[in-house]
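The values are calculated or read from the model by the stated rules, or taken from the named source; none is laboratory data. Treat the numbers as computed from the prediction; the structure is a model and nothing was measured. Every residue, glycine among them, receives a Cβ derived from its backbone with ideal geometry; neighbour counts consider all protein chains shown. Side chains included, ligands, DNA and RNA excluded: accessible areas come from the protein's heavy atoms. Shrake-Rupley method; radii C 1.70, N 1.55, O 1.52, S 1.80 Å.
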Amino acid sequence: MKKKNNSERSDFFDKVYEVVARIPYGRVTTYGAIAEFCGVKSAARTVGWALNGAKETGLPCHRVVNRFGALTGKQHFGAPELMRDLLKSEGVEFDSDNNVIMKEYLWHPDED
DNA sequence: ACATTGACCTACA
DNA sequence: TTGTAGGCCAATG
């Protein structure tokens, strides 16, 4: 808490993993929401990077979508249809644009 | 060591 | 209203 050279820096990633792991079943959240919960709302990009390693850590990164509900990171799952299938398997519905219905399934970290 | 990119979002002109 | 620019943290070339 005194030095923010190496400890707090990794804390951001750590928080991201924590929030993603807290996403309820059949719910989705946005990068901005996670970044905001981490304290830096403008660091949505960094959240994406965190998820890059998150898939290797075993976190449900498929429940994280952009603010439009579009599965922007589906390409990173190795199988673009996998992400959509996983969400559908959890009961999440999509609209005509292949986007998650945020209005119904959007979840916020502070909501839990 | 510097510059660029990357699963994004908000603000200003 | 649409378009452009900036910002955030980390990894890679």
Selected residue (criterion: farthest from DNA strand C (Cβ to nearest atom)) from residues of the range A:18-49 that are open to solvent by less than 30 Å² (accessible area, probe 1.4 Å) and among the polar types (S, T, N, Q) = A:Thr29
When you look at A:Phe13, is it in a loop (DSSP other than H, G, I, E, B) and of a type in the set (A, V, I, L, M, F, W, C), yes or no?
-> no
Taking only the range A:61-112 into account, find how many residues are within 16 Å of DNA strand C (Cβ to nearest atom) and among the basic types (Lys, Arg).
-> 1
Count - residues of the range A:73-112 that are outside any helix (DSSP H, G or I) and within 11 Å of DNA strand B (Cβ to nearest atom) | 3
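Between A:Ala35, A:Ala54, A:Ala70, which is assigned to a helix (DSSP H, G or I), of a type in the set (A, V, I, L, M) and touching a residue at least 24 places away in the same chain (Cβ under 8 Å)? Walk me through it before giving the result.
Working: A:Ala35 fails: touching a residue at least 24 places away in the same chain (Cβ under 8 Å); A:Ala70 fails: assigned to a helix (DSSP H, G or I).
Checking each option against the conditions leaves just A:Ala54.
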Mind listing just one residue for me: the one in the range A:50-71 that is at pLDDT 95 or above and near DNA strand B (Cβ under 6 Å from one of its atoms) and, of those, most open to solvent (accessible area, probe 1.4 Å)?
-> A:Arg67
